[in-house]
1. When the residues of region 11-26 are narrowed to those that are surrounded by 11 or more Cβ atoms within 10 Å (Cβ to Cβ) and not aliphatic (A, V, I, L, M), which ends up modelled with the highest pLDDT?
2. Restricting attention to region 161-189, which residues are farther than 16 Å from Pro77 by Cα and in a helix (DSSP H, G or I)?
3. Condition first: within 15 Å of Gln190 (Cα to Cα) and either surrounded by fewer than 13 Cβ atoms within 10 Å (Cβ to Cβ) or of a type outside the set (Phe, Trp, Tyr) (or both). Now tell me which residues in region 153-172 satisfy that.
4. Considering Ala214, Ala158, which residue is outside any strand (DSSP E or B) and modelled with pLDDT of 85 or more?
5. Could you tell me which numbered condition His58 fails, if it satisfies all but one of (1) assigned to a strand (DSSP E or B); (2) modelled with pLDDT of 85 or more?
6. Against the conditions (1) farther than 10 Å from Val114 by Cα; (2) in contact with a Lys or Arg (Cβ under 9 Å, 6 or more places away or on another chain), where does Pro33 fall short? Just the number, please.
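The values are calculated or read from the model by the stated rules, or taken from the named source; none is laboratory data. All values reported here derive from a predicted model rather than from experimental measurement. Methodologically, a virtual Cβ is constructed for each residue, glycine included, from the backbone with ideal geometry; neighbour enumeration extends over all protein chains shown.
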Amino acid sequence: MQLSLGVLGLLAAAPAPSLDGFLRDVPGMTSQPTAPAVTTVDGIKVVQRSVSSNRSAHELQKHFAAAFDAAGLYIAPEQDEVKPLVGLQISGLDTENLLSYSALLQPAAKGTTVVIAYADLGKKKPTREPIGPVFPGANSITSFAVENQKATSYAVDATPAEIKAFYRETFAGVGFTEAAPNVFQKGNQQFTVTVSPGVSERYVLLKLETVPGAPAPAKPPPPAPKK
């Protein structure tokens with residue numbers, strides 16, 4: 001037990017990956033990285049840098065997926081089903097330091113513009129009000145909102161199959177369809193469910209975003225007046 005606690009302590013103290021490290025070995029780099037640009041979105045600090053490359057967006061996406069994995073970031077498998085309007089992207093989460101890293105890969109005239117960004121989710125003042133349904137018995141519920149995306153994370157003692165079945169049944173009951181595995185859509189509202197392993201529990205991330213160009217869900221008709 002003492003050895004296990006010591007190992008956990010070392011893992012918790014692991015330093016966060018840096019943007020410089022991810023930019024250092026970009027394949028086909030044709031320009032120097034820009035200076036860090038810092039913005040604050042809904043109370044969350046976001047830092048980004050960009051560089052140009054003569055490689056394709058698909059090749060660069062594979063490169064950053066491997067780089068994020070080597071850095072110990074959690075990459076949700078459902079990302080393959082959700083694509084941006086322009087180009088490609090790949091995101092990873094540092095669960096120890098609550099930092100979210102993203103590589104945005106946008107086609108350019110002579111290759112690809114690579115934008116690397118991280119969001120310091122740990123500095124956002126969280127709320128406990130979930131954005132959608134949570135599995136019965138959930139604990140450590142935390143919610144965040146960034147621009148047009150909202151998310152709720154929690155821990156629960158259940159199997160991944162049980163969690164996914166719960167969301168399929170729950171969302172189907174309120175008119176959502178499963179547009180892709182674990183991605184539920186109704187009008188312009190889209191929920192994505194990600195389940196990651198834990199020591200004795202599962203960690204669930206429920207993300208809600210607005211789908212550009214999709215019609216908003218129809219509002220229910222007003223109740224009939226009482227006679």
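1. Top of the filtered list is Phe22.
2. If the condition is that a residue be farther than 16 Å from Pro77 by Cα and in a helix (DSSP H, G or I), then Glu162, Ala165, Phe166, Tyr167, Arg168, Glu169, Thr170, Phe171, Ala172 are the ones that fit.
3. Within region 153-172, the first condition is being within 15 Å of Gln190 (Cα to Cα), and the residues that meet it are 167-168, 170-172.
Selection gives Arg168, Thr170, Ala172.
4. Values: Ala214 fails: modelled with pLDDT of 85 or more.
Going through Ala214, Ala158 in turn, the sole match is Ala158.
5. (1)
6. (1)
Rundown of residues vs (1) surrounded by 15 or more Cβ atoms within 10 Å (Cβ to Cβ); (2) at pLDDT 90 or above; (3) farther than 23 Å from Asp120 by Cα; (4) within 21 Å of the chain's Cα centre (by Cα), yes/no style:
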position: Gly9; (1), (2), (3), (4): no, no, no, no
position: Gly28; (1), (2), (3), (4): yes, yes, yes, no
position: Val47; (1), (2), (3), (4): yes, no, no, yes
position: Ala66; (1), (2), (3), (4): no, yes, no, yes
position: Pro77; (1), (2), (3), (4): no, no, no, yes
